Structure formats: structure tokens, C-alpha cells
Amino acid sequence: MKKDERQLRVGVLGCGPISQFAHFESVQKAHNAALYAVCDVDEGLAKHFGHFYDAQKVYLDYDQMLADPELDAVIIGTSDAFHVPAALKALAAGTHVLCEKPIGVAIEEVEQLAVAVERSGKVLQIGHMLRFDPGIESAKAFVQDEMGEMLALKAWYCDSTHRYTNTDAIQPLARKGTRVLRPGGDPKADKQRYYMLAHGSHLVDLARYLAGPIRAVNARLNEKFGAYCWFVDVEFEAGTLGHLDLTVAVRMDWHEGFQIYGQHGSVAAKIYNPWYYKSSDVDIFHESNATTTRVLAADGHFYRRQVEGFADTALGLAPMRGADIEDGVSSIRAMVAIAHSVRTGRPVSLAEVEGAL
């Protein structure tokens, strides 16, 4: 791929699986970004991936990487609990930020981050890569430009018991280090919290991307045989009715998608496991001529497209296309509201919740 003359010099923080499978290759392939630095507390991992992907610098200390005057931006690929602290440090150093989702784990910390973003004048984009899926982008364009009013949205994210059988066949083995920086406690010990943050953040952001801000939720949770199923009735600010299904894990194939019913048409989408790098199949029905259209969407590397969108914004070449900090605050607030609704058995307004999941 031909590289642009002007490129964003990017440092990747964290050499764990998400960086190994997504971020290193995405920066390498992006036409407007260059992998300037790699940083991890594990020297073996940092040097291996830094050298393999031809990074100019390898750092074992995040503060030292941020102090490098040649660094333009960072991609934060660490554990969830480190997202906000790492982003705050980067903004204070005058560095643009692309941070993995979820942006944080509690409302208060992401609101603090929002203040820091506004003060810094820097770009902070959240890694909701589905916004860069060409099929989903076609649905967004139809909703905005042709569909008219939205009546209802249904969306689902159903992880599969067989997901790792599928992905292990197409992914390299993740390289493990000998020194791992972990947050206090085990983030996966509380399965409800872990699944909502890891998977629910995708579902909530997708719903907001397509149907707009959420006013209130009414959620139920069913837990059986090691599976967790959230059914969430959603009231959108625009008056749209919504229903979200988050199930981990279904005894069937990966099952993700959405349907939209609108004034002048409808949308039906099937979303694939992200590691297939296959754009979603999105069928758009046009009421005016009773036809259905589907974009080819041949470029399914939405992680690379995400980096390119981030770089365009950071370089001042285009407005933000991805999820910004306000999207992140709203998503965390929605997930906290869902957790509160499950606990109380009543509808919960997003405006009334505080705290963490």
C-alpha cells in the first residue's frame, strides 16, 4: 500500500493480544500513519513486536515514550482499568489518543477524562471499530439521508461457545510475555461486569451510532448453565423504540446484527466475527421503488480503516468519524444504567445514574 507523504507518528502502548491481532498491522497498513514506537513493560514483547513491525523506537516506560518529541499519537491497548489513566497522561503530554473500548469502567473517571480532552484540544477517539465497517457505514448513511423517521431498532450481540475454535484457525498464537502489568483483582471474576464492558460496549455504541442518544433502559438478565442473557428495552431520545440482546454465549454460531424500521425503508444487517475481516452484509430496502440494495464493501479491514480515520482527524484533514469522548461517556452511562435496572427491576434513566457497573 502506498503511504501518504504526511503521516501520523503513532506509538502503541501494550503488546497484548489486541495489539498483536489488530493495532500493529493496522498502523503498518494505514496509508496515513507510521508505527513510530512500541511500549510495554515486558522487554521481550516490546522488542519482538517493535522489531517485527519496524518501529523506530522501543520503550519499556510509558512516560519516556510520551516525552519523545517525535511522537504524535498513541494507541492504548491495555487492560480496561488502565485506559483512563493512560489517556490522561497522553493528553497532558500533548499527544492524540486512540483508546481501546470501553473507554473506562466508571462514570466519574470518564467524565474527568472528558474535561481533560476539552482542555487539551487533542483528538481522543475510542476503538469502536464497527463504525468503520463499510456495510454499517452504508446503513448510517441511509438512516441519515433517506430513511426519514426511525420507528424501531433491534440489535444483538451473541457470542458463541465455538468462537475460539473459529478464531484459533485464522489467528496466530498470541505471544505471551513474562512480565504482565495487571489491574488489582481479576477483571474476569465478575462475569456480569466483564461481559457487559467487553461485549456490551460494542452493542450499546452500535445502537447509539444508528439511533442516537439513549434516554432510558429497562433491562432483564437471565443466567443459566454458564450463559448470560440481557434483554434491554431502550427508549431513545428521538422517540425510537429499541431492543438490545446481549448473550454470552449462545450454543450456535456467532450471531450479531441489527434491524431498523423506518419511514421510507428498512435495514437488515448480519455482522461477522471481527477477526474474519469481513464487512457486514447490510440489506437496505427502499420503499420508494420496492428494491433492496447492498454495498459490496470489499474492504473489511475496519481496524485499519479506524486508524486511518483517527489519523485524518489528528492531522487536521477530516472531522471525527469514530466514537469521541462524549460517545464514551454516554456508553458507560448506558451500561451502568443497564446494571442498575437489572438490580432494581425497574426502568432507569441514564441521567439519574452514577458510579460503576
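Numbers at a glance
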| item | result |
| --- | --- |
| Residue within region 324-334 that is touching a residue at least 24 places away in the same chain (Cβ under 8 Å), assigned to a helix (DSSP H, G or I), among the hydroxyl-bearing types (Ser, Thr, Tyr) and touching a helix residue (DSSP H, G or I) at 6+ places or on another chain (Cβ under 8 Å) present | yes |
| Positions within region 90-144 being on the phi > 0 side of the Ramachandran plot and out of contact with any Lys or Arg (no Cβ under 8 Å at 6 or more places or on another chain), in sequence order | Gly121 |
| Answer residue from region 131-167, given it is loosely packed, with under 13 Cβ neighbours inside 10 Å and polar (S, T, N, Q) and is farthest from Ala227 (Cα to Cα) among those | Gln144 |
| The listed residue being in contact with a helix residue (DSSP H, G or I) (Cβ under 6 Å, 6 or more places away or on another chain), surrounded by fewer than 22 Cβ atoms within 10 Å (Cβ to Cβ) and modelled with pLDDT of 95 or more, out of Glu70, Glu43, Glu25, Glu109 | Glu109 |
| Residue check for Trp254: over 30 Å from Thr293 (Cβ atoms), in contact with a helix residue (DSSP H, G or I) (Cβ under 8 Å, 6 or more places away or on another chain) and not acidic (Asp, Glu) | no |
| Output for region 299-357, where each listed residue is of a type in the set (Ser, Thr, Tyr) and closer than 19 Å to His199 by Cα | Tyr303, Ser330, Ser331, Ser341 |
| Evaluation of Thr293 against (1) in contact with a His (Cβ under 8 Å, 6 or more places away or on another chain); (2) buried (at least 17 other Cβ atoms within 10 Å of the Cβ) (one fails), failing number | (2) |
| Residue list for region 122-171, restricted to those being within 23 Å of Leu241 (Cβ to Cβ) and either charged (D, E, K, R) or modelled with pLDDT under 95 (or both) | Arg131, Lys140, Asp145, Glu146, Glu149, Lys154 |
| Qualifying positions in region 91-120 - in a loop (DSSP other than H, G, I, E, B), of a type in the set (Gly, Ala, Ser) and under 23 Å from Val353 (Cβ atoms) | Gly104 |
| Val282 vs. criteria assigned by TED's automatic domain parsing to the domain that holds Ala238, surrounded by fewer than 22 Cβ atoms within 10 Å (Cβ to Cβ) and under 22 Å from the mean Cα position of the chain (by Cα) | no |
| Residue in region 93-100 that is within 20 Å of Asp324 (Cβ to Cβ), surrounded by fewer than 20 Cβ atoms within 10 Å (Cβ to Cβ) and touching a strand residue (DSSP E or B) at 6+ places or on another chain (Cβ under 6 Å) present | no |
| In region 168-221, the residues that are among the polar types (S, T, N, Q), crowded, with 18+ Cβ neighbours inside 10 Å and not in a helix (DSSP H, G or I) | none |
| Hits in region 248-279 - residues which are in contact (Cβ under 8 Å) with a residue 60 or more places away in the chain, surrounded by fewer than 18 Cβ atoms within 10 Å (Cβ to Cβ) and in a loop (DSSP other than H, G, I, E, B) | Arg251, Met252, Asp253, Gln263, His264, Asn273 |
| Selection count, region 58-110, where residues are acidic (Asp, Glu) and touching a residue at least 40 places away in the same chain (Cβ under 8 Å) | 6 |
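The values are calculated or read from the model by the stated rules, or taken from the named source; none is laboratory data. Model, not experiment: these values are computed from the prediction. Heads up, the Cβs are rebuilt from the backbone with ideal geometry, glycines too, and the neighbour counts pull from every protein chain shown.
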